[in-house]
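Each remark here refers to the structure printed beneath this line.
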Amino acid sequence: MTHIPPNAVLIIIDVQKAIDHPSWGRRNNKQAEANIAQLLMAWRETQRPGVHVRHLSVEPDSTYRPGQEGCDFKDPVLPNAGEKIVSKQVNCAFIGTDLEHWLRNSGYQTLVVTGVITNNSVETTVRVAGNLGFDTYVVSDATATFDKMDLEQKLHPAEQVHALSLANMHQEYATVIDTQTLLQSL
């Protein structure tokens, strides 16, 4: 049985209104935000640390560009006063931010990662976390992605992209776990 230590950090990546823009296309796991909110509530109730990562794009046409509604956190996962917010401009929460420094200085070793996009910012952050030596978990049903076109112009459904991304991460960079199993281990 999995045991999540009392100081495990919940990391919520890029759950901003930008992901609701139609330009992203069809998405899997419409329950991701509800599952993340459930985890966030459990983290707050057990006084565990949480980090809200937001993407602040420098691309002029990005749905994540500051100064527009898409940059705002989605309501189910709004940060509370005092919860750490990490702002990034690339697809990794460790690059160009103080996240690693803050985690190490605070004595945090275990990370529980949720958010979007599974095969982009989630996977990149998890790979770096694993390579930095953090004990990392990815919550499979508290992450989501979109349909993806490959280089041969074949469209892959979001469910398949999501499953492959989770497989990429599992046992090499992280342990993949679902929301209910995680909640039972707290």
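Details
- Charge dipole of the chain (Cα centre as origin; +1 on each Lys and Arg Cβ, -1 on each Asp and Glu Cβ, all else neutral): 200 debye, rounded to the nearest 20.
- Sequence-distant residues sharing a close amide H with residue 113 (under 5 Å, placed H): 11, 137, 138, 139
- Only Lys, Arg, Asp and Glu carry charge here, each on its Cβ (+1 for the first two, -1 for the last two); on that basis the stretch 100-186 has a dipole of about 200 debye about its Cα centre.
- The stretch 47-186: relative contact order in percent, alpha carbon pairs under 8 Å with at least 6 residues between: 18
- Put 24, 102 in order of accessible area, highest first, and with a 1.4 Å probe you get 24, 102.
- Listed residue (101, 68, 35) projecting farthest to the positive dipole end of the chain, Cβ model: 101
- Centre separation in Å (Cα based) which lies between the stretch 29-46 and the stretch 153-186: 16
- Think of a 1.4 Å ball rolled over the protein heavy atoms: the chain then has 49 Å² of accessible area per residue.
- Interchain or long-range residues, amide H under 5 Å from residue 74's placed H: 16, 17
- Of the residues 86, 58, 112, the one whose Cα sits farthest towards the positive end of the charge dipole of the stretch 18-124 is 112 (charges of +1 on Lys and Arg Cβ, -1 on Asp and Glu Cβ, taken about the Cα centre).
- Linear extension gain, residue 44 paired with residue 73, 0.36 nm per residue minus alpha-carbon span: 8.7 nm
- Lys, Arg +1 and Asp, Glu -1 on Cβ, resulting dipole of the stretch 46-153 about Cα centre, debye, nearest 20: 420
- Taking amide H as placed 1.01 Å from N in the peptide plane, residue 148 has its amide H under 5 Å from the amide H of 156, 158, each at least 5 places away in sequence or on another chain.
- Cα extents for the stretch 11-63 along the principal axes, largest to smallest and rounded to whole angstrom: 40, 24, 11.
- Apportionment of accessible area to carbon and sulfur, the chain, percent (1.4 Å): 50
- Under 26 Å from the Cα of residue 84 - lysines, other chains or at least 8 residues apart: 17, 30, 74
- Here the convex hull built on the C-alpha positions of the chain has a volume of 119 cubic angstrom per residue.
- Shown here: the stretch 100-169, whose C-alpha atoms stretch 45, 22, 16 Å along the first, second and third principal axes, sorted largest to smallest.
The values are calculated or read from the model by the stated rules, or taken from the named source; none is laboratory data. Keep in mind that what you see is a predicted model, and the values were worked out from it rather than measured. Glycine gets a Cβ as well: all are built from the backbone with ideal geometry, and neighbour counts include every protein chain shown. We work out accessible area using only protein heavy atoms, side chains counted, and drop any ligands, DNA or RNA first. Shrake-Rupley method; radii C 1.70, N 1.55, O 1.52, S 1.80 Å.
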